[in-house]
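Colleague: Sharing a structure with you now.
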Amino acid sequence: MIDDRNAFHTQEKYARAYIFAATAHHGQLFPGSELPYLLHISLVGAEVLFALIHEDGLDAGLAVQCALLHDVLEDTPISFERLAEEFGEEVANGVLALTKRAELPWEARMPDSLSRILRQPREIAIVKLADRIVNMSPPPGHWPSEKRRRYHAEAQRILDVLGDASEYLSQRLRKKMDEYRAHF
């Protein structure tokens, strides 16, 4: 649960990271829509905030900053160095662990990211669980059934590897995965 004594500090970190993410992702759209990509960032942040209500012993500042910044290195020109300068090494390392490395073959990217997430504080695993919960919304209509099944299987792998980080988010992800099966 969030410590009330640190809530103001966490809220300031949230606002700063949100504005940074909004600027970095400016012009990007939520896949399959005309909505700004910031919608995805906001939904991941909301999942993390609800997890903070249900889980004890978490660094809320680290969790919310990484939630809001989780796609900055992967999807924008922002560098690791800039992120570290703006938000510190711990946040930058968390975001880097959440970033799939483009130089790897596609099938190796998620396992590599999961192994790096496991070496980070628990908050980073929580962000990954929250991200996949948000991504388990109905898939784009043009995705073939096989791609939908692979995406679901990847969600299962994330749950298997990171599920111990948050019982609350694990339950949410299981529910979203059950609902996603209707789209096979």
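Colleague: Looking at region 159-184, I want the residues that are under 15 Å from residue 54 (Cα atoms) and open to solvent by 50 Å² or more (accessible area, probe 1.4 Å) and have a partner that is assigned to a helix (DSSP H, G or I) and polar (S, T, N, Q) with Cβ atoms under 8 Å, at least 6 apart or on another chain. Which pairs are those?
Modeller: The qualifying pairs are 164/170.
Colleague: In region 92-109, is there at least one residue being over 28 Å from residue 177 (Cα atoms), open to solvent by 10 Å² or more (accessible area, probe 1.4 Å) and either outside any loop (DSSP other than H, G, I, E, B) or aromatic (Phe, Trp, Tyr) (or both)? Outline the logic, then answer.
Modeller: Filtering region 92-109 down to residues over 28 Å from residue 177 (Cα atoms) leaves 92-93, 103.
Subsequent filtering for residues that are open to solvent by 10 Å² or more (accessible area, probe 1.4 Å) retains 93, 103.
Okay, now just the ones that are also either outside any loop (DSSP other than H, G, I, E, B) or aromatic (Phe, Trp, Tyr) (or both), so 93.
Yes, there is a match, as at least one residue in region 92-109 is over 28 Å from residue 177 (Cα atoms), open to solvent by 10 Å² or more (accessible area, probe 1.4 Å) and either outside any loop (DSSP other than H, G, I, E, B) or aromatic (Phe, Trp, Tyr) (or both).
Colleague: Run residue 141 past the list (1) touching a helix residue (DSSP H, G or I) at 6+ places or on another chain (Cβ under 8 Å); (2) open to solvent by 10 Å² or more (accessible area, probe 1.4 Å) and report the number of the one that doesn't hold.
Modeller: (1)
Colleague: Please tell me if residue 19 is under 14 Å from residue 134 (Cβ atoms), assigned to a helix (DSSP H, G or I) and at pLDDT 95 or above. Steps first, please.
Modeller: On the way: under 14 Å from residue 134 (Cβ atoms): no; assigned to a helix (DSSP H, G or I): yes; at pLDDT 95 or above: yes.
No.
Colleague: A further question on this structure: Confirm whether residue 132 is in a helix (DSSP H, G or I) and surrounded by fewer than 17 Cβ atoms within 10 Å (Cβ to Cβ).
Modeller: Numbers: in a helix (DSSP H, G or I): yes; surrounded by fewer than 17 Cβ atoms within 10 Å (Cβ to Cβ): no.
No: the conditions fail for residue 132.
Colleague: Yes or no: residue 80 farther than 21 Å from residue 56 by Cα and surrounded by fewer than 18 Cβ atoms within 10 Å (Cβ to Cβ)?
Modeller: yes
Colleague: Could I ask something else about it? Of all the residues that make up region 153-173, how many are under 18 Å from residue 100 (Cβ atoms) and not acidic (Asp, Glu)?
Modeller: Of the residues in region 153-173, 8 are under 18 Å from residue 100 (Cβ atoms) and not acidic (Asp, Glu).
Colleague: Let me ask you something else. How many of the residues in region 43-72 are in a helix (DSSP H, G or I), touching a residue at least 12 places away in the same chain (Cβ under 8 Å) and open to solvent by 30 Å² or more (accessible area, probe 1.4 Å)? Full working, then the answer.
Modeller: Going through region 43-72, the residues in a helix (DSSP H, G or I) turn out to be 43-54, 60-69, 72.
In the following step, the residues that additionally are touching a residue at least 12 places away in the same chain (Cβ under 8 Å) were identified as 43-45, 47-54, 60-69, 72.
The next check asks that each one be open to solvent by 30 Å² or more (accessible area, probe 1.4 Å); those that pass are 43, 49-50, 53-54.
Going through region 43-72 one residue at a time, the tally reaches 5.
Colleague: OK, next. Please state which of the following conditions residue 184 fails to meet, knowing it meets all the rest: (1) more than 29 Å from residue 26 (Cβ to Cβ); (2) modelled with pLDDT of 95 or more.
Modeller: Among (1) more than 29 Å from residue 26 (Cβ to Cβ); (2) modelled with pLDDT of 95 or more, the lone unmet condition for residue 184 is (2).
Colleague: Of the residues 122, 116, which single one is open to solvent by 80 Å² or more (accessible area, probe 1.4 Å), modelled with pLDDT of 95 or more and out of contact with any strand residue (DSSP E or B) (no Cβ under 9 Å at 6 or more places or on another chain)? Give the steps one after another, and end with the answer.
Modeller: Numbers: 116 fails: open to solvent by 80 Å² or more (accessible area, probe 1.4 Å).
That would be 122, the only listed residue that is open to solvent by 80 Å² or more (accessible area, probe 1.4 Å), modelled with pLDDT of 95 or more and out of contact with any strand residue (DSSP E or B) (no Cβ under 9 Å at 6 or more places or on another chain).
Colleague: Okay, next question. Do you know which residues across region 84-128 are of a type in the set (Phe, Trp, Tyr) and touching a residue at least 40 places away in the same chain (Cβ under 8 Å)?
Modeller: Filtering region 84-128 for residues of a type in the set (Phe, Trp, Tyr) gives 87, 106.
Answer for region 84-128, where residues must be of a type in the set (Phe, Trp, Tyr) and touching a residue at least 40 places away in the same chain (Cβ under 8 Å): just 87.
Colleague: Which of the residues that make up region 136-171 are of a type in the set (S, T, N, Q) and either touching a Phe, Trp or Tyr at 6+ places or on another chain (Cβ under 7 Å) or modelled with pLDDT of 95 or more (or both)?
Modeller: Our first condition is that a residue be of a type in the set (S, T, N, Q); within region 136-171, this holds for 137, 145, 156, 166, 170-171.
The answer is 145, 156, 166, 170, 171.
Colleague: Here's something else I'd like to know. Would you call residue 179 assigned to a helix (DSSP H, G or I) and within 25 Å of residue 13 (Cα to Cα)? Talk me through it step by step, then tell me what you get.
Modeller: On the way: assigned to a helix (DSSP H, G or I): yes; within 25 Å of residue 13 (Cα to Cα): no.
Criteria not met by residue 179.
The values are calculated or read from the model by the stated rules, or taken from the named source; none is laboratory data. As the structure is a computational prediction, the values presented were derived from the model and not from experiment. Counting neighbours? That spans all protein chains shown, and the Cβs are built from the backbone with ideal geometry, glycine included. Only protein heavy atoms, including side chains, enter the accessible area calculation; ligands, DNA and RNA are left aside. Shrake-Rupley method; radii C 1.70, N 1.55, O 1.52, S 1.80 Å.
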